[in-house]
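Q: This is the structure I want to talk about, given as structure tokens.
The values are calculated or read from the model by the stated rules, or taken from the named source; none is laboratory data. Source: prediction; values computed, not measured. With ideal geometry, Cβ positions are generated from the backbone for all residues, glycine too; neighbour counts draw on all protein chains shown.
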Amino acid sequence: MEIDPEVLSIIQRAKRVTILTGAGVSAESGVATFRSYKEETKESLWSQYDPQKMASIEGFLKNPNRVWQWYQWRRSELKSKKPNDAHKAIAKWQQSKDQRVTLITQNVDGLHQAGGSKDVIELHGNIWSNHCLQCRAEYKGNTDGVEDVIECPKCGGQVRPSVVWFGEALPEKAWRDAESASYSCDVFLSVGTSSQVYPAAGLAALAKSQGATVIEVNPEPTESSVVDYFIVGRAGEVLINILNT
Ligand code: APR
């Protein structure tokens, strides 16, 4: 694949690059996306499961075990997944001496860290952590094979996965860091996200309002209306191309 030389030159000239990733960045690792059907993954999660039931506080309160078991299933699916070229290319890019590259992700799978990224702003939490719904204390026990919701050893509350559900606020520090990285970048690169879920989807507009060039990488068109350049392609091939040019 070839990337428009004008776009490449804008990326290369940038001093600060902020990258926002979504489920598409893990698609080439065989992780199902939420909304788009993809050949690699054979399915999208929200075409099979109701997000209101599986990813909302109401869904959890109504049937905690069903939600817990769904996350246990997702963890078991994710366990064998390996970081792909896109995760690795971003990690390498972050080590650049000439450019400051900040990574913001909506993904909860931990594959950016597995691919070598040390600094990752996780907007939607991390599926490998748990905390108590009531007292919010982190639950550090091993949850492998645990089928029903665990009682918090501190307060007896219900332990839940530490991901952000629909209707919940994003982690405060992560959101502050994401906003400031978006305000201060020259290039905002949105990779593998359908740009439908706010507030994350609003970061591109924040960046643009401060003069950044917004570039999107996706094999499919997205909802975003603030994009300056659209690179049609898969995350892995596009990022490797950017890095090696
Ligand atoms: N490379 C790049 N992009 C890809 C690839 C690929 N190989 N394969 C698929 N995509 C794109 C799709 O075209 C789609 O635009 O990835 C995007 C995935 O979109 P969603 O499934 O909507 O995922 P995302 O945008 O991350 O969802 C945001 O919604 O359900 C919540 O909390 C969940 O973090 C998630 C949020």
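Q: From the set of residues in the range 61-93 that are part of a loop (DSSP other than H, G, I, E, B) and of a type in the set (S, T, N, Q), which is farthest from Ile150 (Cα to Cα)?
A: Taking the range 61-93 and keeping what is part of a loop (DSSP other than H, G, I, E, B), we get 63, 79-84.
After this cut, where a residue has to be of a type in the set (S, T, N, Q) as well, the list is 63, 80, 84.
Working: Asn63: 13, Ser80: 24, Asn84: 33 Å.
For the range 61-93, the residue satisfying everything is Asn84.
Q: Filter the range 1-33 down to the residues that are among the hydrophobic types (A, V, I, L, M, F, W, C) and within 21 Å of the chain's Cα centre (by Cα) and list them by number.
A: At the first step, the residues of the range 1-33 found to be among the hydrophobic types (A, V, I, L, M, F, W, C) are 1, 3, 7-8, 10-11, 14, 17, 19-20, 23, 25, 27, 31-32.
Val17, Ile19, Leu20, Ala23, Val25, Ala27, Val31, Ala32 - these are the residues of the range 1-33 that are among the hydrophobic types (A, V, I, L, M, F, W, C) and within 21 Å of the chain's Cα centre (by Cα).
Q: Give the residue that is surrounded by the fewest Cβ atoms within 10 Å (Cβ to Cβ), with candidates limited to residues of the range 112-152 that are in contact with a Leu (Cβ under 8 Å, 6 or more places away or on another chain) and assigned to a strand (DSSP E or B).
A: Among those that are in contact with a Leu (Cβ under 8 Å, 6 or more places away or on another chain) and assigned to a strand (DSSP E or B), it is Ile127.
Q: Also: Of (1) within 12 Å of the ligand (Cβ to nearest atom); (2) closer than 20 Å to Asn126 by Cβ; (3) at pLDDT 95 or above, Thr102 satisfies all except one. Which?
A: Among (1) within 12 Å of the ligand (Cβ to nearest atom); (2) closer than 20 Å to Asn126 by Cβ; (3) at pLDDT 95 or above, the lone unmet condition for Thr102 is (1).
Q: Next question, about the same structure. So, in the range 116-143, exactly how many residues are more than 16 Å from the ligand (Cβ to nearest atom) and on the phi < 0 side of the Ramachandran plot?
A: Number of matching residues: 16.
Q: List pairs: first residue in the range 89-101 and touching a residue at least 40 places away in the same chain (Cβ under 8 Å), second residue crowded, with 20+ Cβ neighbours inside 10 Å and in a helix (DSSP H, G or I) anywhere in the structure, Cβ distance under 7 angstrom, at least six positions apart or on different chains.
A: Close Cβ pairs satisfying both conditions: Ala89/Leu239; Ile90/His112; Ile90/Leu239; Val101/Gln94.
Q: Test of understanding: among Ser9, Ser96, which residue is away from the ligand (no atom under 16 Å from the Cβ), within 30 Å of Cys185 (Cβ to Cβ) and part of a loop (DSSP other than H, G, I, E, B)? Don't jump to the end; show me each part of the working.
A: Working: Ser9 fails: part of a loop (DSSP other than H, G, I, E, B).
Unique residue meeting the criteria: Ser96.
Q: Out of all the residues in the range 192-221, which are small (Gly, Ala, Ser), away from the ligand (no atom under 12 Å from the Cβ) and assigned to a loop (DSSP other than H, G, I, E, B)?
A: Gly211, Ala212
Q: The conditions are (1) in contact (Cβ under 8 Å) with a residue 60 or more places away in the chain; (2) in the same structural domain as Gln158 (by TED's automatic domain parsing); (3) within 16 Å of the ligand (Cβ to nearest atom), and Ala86 fails exactly one of them. Which is it?
A: (2)
Q: Then there's this: Testing Asp109 on (1) more than 16 Å from the ligand (Cβ to nearest atom); (2) in a loop (DSSP other than H, G, I, E, B), one condition comes back false. Which one is that?
A: Only one criterion is unmet by Asp109, namely (1).
Q: Across the range 163-191, what is the total count of residues that are of a type outside the set (Phe, Trp, Tyr), over 14 Å from the mean Cα position of the chain (by Cα) and part of a strand (DSSP E or B)? Spell out the reasoning first.
A: Quick first cut of the range 163-191, residues of a type outside the set (Phe, Trp, Tyr) only: 163-164, 167-174, 176-182, 184-187, 189-191.
Checking which are over 14 Å from the mean Cα position of the chain (by Cα) leaves us with 167-169, 172-173, 176-177, 179-182, 184-187.
When the remaining residues are screened for being part of a strand (DSSP E or B), the result is 187.
Final tally of qualifying residues: 1.
Q: Just to be sure I understand the filter: pairs with C-beta atoms under 9 Å, separated by 6 or more residues or on different chains, first member in the range 106-124 and aliphatic (A, V, I, L, M), second member modelled with pLDDT under 95 and in a loop (DSSP other than H, G, I, E, B). Which pairs pass?
A: Leu111/Val31
Q: Something else now. Against the definition (modelled with pLDDT of 95 or more and closer than 13 Å to Leu20 by Cα), how does Glu216 come out, yes or no? Explain how you work it out, then say what you get.
A: On the way: modelled with pLDDT of 95 or more: yes; closer than 13 Å to Leu20 by Cα: yes.
Here the answer is yes, as Glu216 does meet what is asked.
Q: Kindly check whether there is at least one residue in the range 202-218 that is surrounded by fewer than 16 Cβ atoms within 10 Å (Cβ to Cβ) and charged (D, E, K, R).
A: no
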